[in-house]
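The values are calculated or read from the model by the stated rules, or taken from the named source; none is laboratory data. In this text the structure is predicted, and so the values were computed from the model without any measurement. FYI the Cβ positions are ideal-geometry reconstructions off the backbone, even for glycines, and counts take in every protein chain you see. Ligands, DNA and RNA are excluded from the accessible area calculation, which covers all protein heavy atoms including side chains. Shrake-Rupley method; radii C 1.70, N 1.55, O 1.52, S 1.80 Å.
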Amino acid sequence: MKSSIDFKMARQTLLDLVEPVKTEHIELSACTGRVLAEAITAAENVPPFDRSPYDGYAFRAADSVNASKETPVTLKILEEVPAGAVPTKECVAGTATKILTGAPIPEGADAVIMYERTEFTCETVTIFAPVKSGDNIVYAGEDVKCGAILTEAGGIIDAGTIGTLASQGIEKPLVYKVPKIGIISTGNEVIEVGSELIPGKIYNSNRYTLTAAVREAGCEPVYLGIAGDDSEGIAKLLIQGLTECDAILTTGGVSVGDYDMTPAAMELAGVEILFRGVDLKPGMACAYGIKDGRLVCGLSGNPASALINYYAVAQPAFKKLTGLANPIPEEIEVALNNGFNKKSPGTRLLRGTLDLSQGEARMSLPKEQGNVMLNSIIGCNMMAIVPAGSGSVEAGTKLKGFLL
Ligand code: AMP
Ligand code: MG
């Protein structure tokens, strides 16, 4: 029994409607974790000149053709070139240049021999076997050719990317701005952490859960406040958020009860409703809409439902806002370490942790999988998908899942 739209279809609907935010140039030192907005091409060859990968002697390979233990060849040393210096003398027949790792190959030389393979004095070096032309030379551009694409746009800037940018002398790379995601809590019973917990009230935990979840996605949370269960109050915060933010998350009031006012508030705020409810447990209740390219993601007030629906449906769209080229989480197959003994008439997401200790991808489930208990999601790093129509799932069952 599928009551509402497939969560992957819901996710794709949102992805198709949003575009990455604008871009800016920022200092290299501030780039970690941001999304690169331009492909980086090599401005120079690496290495920039033919160089020696070893300490040894550079010379003409032709001088060594007849070299053997019985008939060694002795060459006159012209000079010594350490890394950072440049050769001043051309290697002609019968001569060699003492060269150190990283130093440029002198004019005329076409091979390097490691010093361990030679006998040498300050004036001469003796070679006991032929060396081929090109041996032990790293040619200019061998590591990276000028003009080659080093990395494409749309990736998160990590240590390797930063180093690559620096190696190209790029001081201020072009990155995507950080999308701003407005967070609104709704419900007459919801009060802020820090105030006294009076009868009938609960703390606004969703505010903090979603703040963290939005940061995980590379976005900046903007807290807009709590509205009670009245459509005008919620609409007021939505209108404010739509002027300041690139998208909005709300929690509470998305079911069909007398006090569920969020969809009506969306309409009051001029938000076009895209869909209400997805085939997902926990996380079925939701209301998604859009205004002027800005998504309004109305999640359930139930803490676990809200977070699971967020990961499954909303977060990829937020990641697309950040400029990420591949915002949909990759699916992997995992074998369950423990079973789950409830039926799944609709699609169910089981939260858990990836376990690689047995040499294959496995997943451990916390006992509690309900829509209220949030503490069972602590430390979870993946969700497994139980297809609609499944019975209870035994330990060892293989399921598709995605990493959070
Ligand atoms: P609702 O989605 O409005 O039907 O709320 C479902 C449940 O989530 C109710 O028990 C609410 O009290 C609870 N809830 C609503 N908003 C929050 C919030 N901001 N933080 C924690 N729990 C909430
Ligand atoms: Mg409510």
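Points to keep in mind about this one:
- Within region 152-170, considering residues that are surrounded by 15 or more Cβ atoms within 10 Å (Cβ to Cβ) and among the small types (Gly, Ala, Ser), the one nearest to Pro48 (Cα to Cα): Ser167
- One residue alone among Ile99, Ile137 is closer than 16 Å to Lys76 by Cβ and touching a residue at least 12 places away in the same chain (Cβ under 8 Å), and that residue is Ile99.
- Residue match in region 264-282 (condition: surrounded by fewer than 22 Cβ atoms within 10 Å (Cβ to Cβ), within 29 Å of Ile191 (Cβ to Cβ), within 16 Å of ligand 1 (Cβ to nearest atom) and not charged (D, E, K, R)): yes
- Output for region 109-141, where each listed residue is closer than 19 Å to Phe49 by Cα, open to solvent by less than 30 Å² (accessible area, probe 1.4 Å) and at pLDDT 95 or above: Ala109, Ala111, Val112, Ile113, Gly134, Ile137, Val138
- Of the listed requirements (1) modelled with pLDDT of 95 or more; (2) of a type outside the set (A, V, I, L, M, F, W, C); (3) within 16 Å of ligand 2 (Cβ to nearest atom), Gly270 misses just one: (3).
- Residue within region 245-255 that is open to solvent by 10 Å² or more (accessible area, probe 1.4 Å), out of contact with any Lys or Arg (no Cβ under 8 Å at 6 or more places or on another chain) and either away from ligand 2 (no atom under 12 Å from the Cβ) or not small (Gly, Ala, Ser) (or both) present: no
- Members of region 50-79 that are β-branched (Val, Ile, Thr) and in contact (Cβ under 8 Å) with a residue 40 or more places away in the chain: Val65, Val73, Thr74, Ile77
- Filter pass, Gly147 being more than 22 Å from Pro53 (Cβ to Cβ), assigned to a loop (DSSP other than H, G, I, E, B) and either of a type outside the set (A, V, I, L, M) or open to solvent by less than 30 Å² (accessible area, probe 1.4 Å) (or both): yes
- Taking (1) open to solvent by 30 Å² or more (accessible area, probe 1.4 Å); (2) in a loop (DSSP other than H, G, I, E, B); (3) in contact with a Gly (Cβ under 8 Å, 6 or more places away or on another chain) in turn, Cys380 satisfies each apart from (1).
- Members of region 210-225 that are more than 22 Å from Glu19 (Cβ to Cβ), surrounded by fewer than 21 Cβ atoms within 10 Å (Cβ to Cβ), in contact with a strand residue (DSSP E or B) (Cβ under 6 Å, 6 or more places away or on another chain) and not aromatic (Phe, Trp, Tyr): Thr211
- Any pair with Cβ under 6 angstrom, 6 or more apart, that starts in region 197-222 at a residue that is touching a residue at least 60 places away in the same chain (Cβ under 8 Å) and closer than 24 Å to Ser376 by Cα and ends at one that is part of a helix (DSSP H, G or I) and more than 10 Å from ligand 1 (Cβ to nearest atom): Thr209/Leu307; Ala213/Tyr310; Ala217/Gln315; Ala217/Phe318; Ala217/Lys319
- Within region 1-38, being of a type outside the set (D, E, K, R) and in a loop (DSSP other than H, G, I, E, B) holds for Met1, Ser3, Ser4, Val18, Pro20, Val21, Ile26, Cys31, Thr32, Gly33, Ala37.
- Residues satisfying the stated conditions in region 315-330, i.e. surrounded by 14 or more Cβ atoms within 10 Å (Cβ to Cβ) and of a type in the set (D, E, K, R): Lys319, Lys320
- Selection status of Tyr259, open to solvent by 20 Å² or more (accessible area, probe 1.4 Å), within 14 Å of ligand 1 (Cβ to nearest atom) and under 12 Å from Ile183 (Cβ atoms): no
- Of the residues making up region 171-193, just one is part of a loop (DSSP other than H, G, I, E, B), buried (at least 19 other Cβ atoms within 10 Å of the Cβ) and within 16 Å of ligand 2 (Cβ to nearest atom), namely Gly187.
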